[in-house]
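The values are calculated or read from the model by the stated rules, or taken from the named source; none is laboratory data. Here the structure is a predicted model, which is why all the values come from computation and not from measurement. Don't worry about glycine lacking a Cβ; one is built from the backbone with ideal geometry, like all the others, and counts go over all protein chains shown.
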Amino acid sequence: MKTSYVIIGFVSTALLQLTMSARIIWKQERVLVTGTAYKFKTAPIDPVDPFRGNYITLRFDENTFFIKNHKYKRGDKVRLSLKQDSEGFAMVTAIGKEDQPVTHDYIWATVSYVTEDFIRYDIPFNRFYMEEGKAKEAEIAYRDTHRLCPLEEVYALVYVREETAVLKDVYIKDIPIKEYVLQERASRIK
């Protein structure tokens with residue numbers, strides 16, 4: 001009798017874990033399929049997280065909003081309303097808190113610096129994980145690209161739906177960074 005309770009408890013726990021995992025995956029995939037794609041201009045760096053592996057840290061050009069007479073302080077969670085500029089890059093059109101109405105796609109950010117005239121914020125999708133060994137090559141490829149070409153050539157493609165944002169890929173010269181690294185590797189071998 002006790003064994004059947006243990007089995008039922010185990011199966012229930014396993015099903016709950018699978019359901020929660022599937023729900024998270026489904027939500028992310030739904031954003032990729034039905035969300036709006038935004039390109040964020042970036043400047044990657046290559047650190048290593050001993051628990052999660054190699055990744056590129058993304059710093060975004062779009063990280064400041066000019067506003068006067070505001071009541072924001074460091075650490076506040078803010079909602080950034082997004083719009084695409086003429087080149088398809090993301091631009092923040094408004095900044096607000098939860099109690100304000102939403103009319104556009106938006107993402108959440110954290111206020112990192114405040115002055116009388118502007119607010120600087122941190123965007124949450126600031127890490128792009130890569131296979132071991134490719135992150136260092138990606139950093140080198142970025143530096144070479146940045147030195148020879150304008151910063152607009154490197155961007156993160158992020159899909160946004162409602163308040164969920166999913167970082168799909170990082171691009172150099174409109175080529176996904178993983179493919180770009182492979183192309184650079186192949187050109188060095190020749």
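In table form, for the structure just shown:
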{"read-out": "Hits in segment 32-59 - residues which are among the hydrophobic types (A, V, I, L, M, F, W, C), assigned to a strand (DSSP E or B) and either at pLDDT 80 or above or surrounded by 13 or more Cβ atoms within 10 Å (Cβ to Cβ) (or both)", "value": "37, 40, 43, 45, 56, 58"}
{"read-out": "Single match in 98, 116, 131, 137 (criterion: assigned by TED's automatic domain parsing to the domain that holds residue 180, in contact with a helix residue (DSSP H, G or I) (Cβ under 6 Å, 6 or more places away or on another chain), of a type outside the set (A, V, I, L, M) and more than 19 Å from residue 32 (Cα to Cα))", "value": "137"}
{"read-out": "Within segment 82-124, tally of residues that are acidic (Asp, Glu), over 18 Å from residue 168 (Cα atoms) and under 18 Å from the mean Cα position of the chain (by Cα)", "value": "1"}
{"read-out": "Among (1) modelled with pLDDT under 80; (2) exposed (fewer than 12 other Cβ atoms within 10 Å of the Cβ); (3) farther than 17 Å from residue 40 by Cα - the single one residue 143 does not satisfy", "value": "(2)"}
{"read-out": "Residue 156 being in a strand (DSSP E or B), assigned by TED's automatic domain parsing to the domain that holds residue 72 and at pLDDT below 90", "value": "yes"}
{"read-out": "Yes/no for residue 114 being over 16 Å from residue 42 (Cβ atoms), modelled with pLDDT under 75 and either hydroxyl-bearing (Ser, Thr, Tyr) or out of contact with any Asp or Glu (no Cβ under 8 Å at 6 or more places or on another chain) (or both)", "value": "no"}
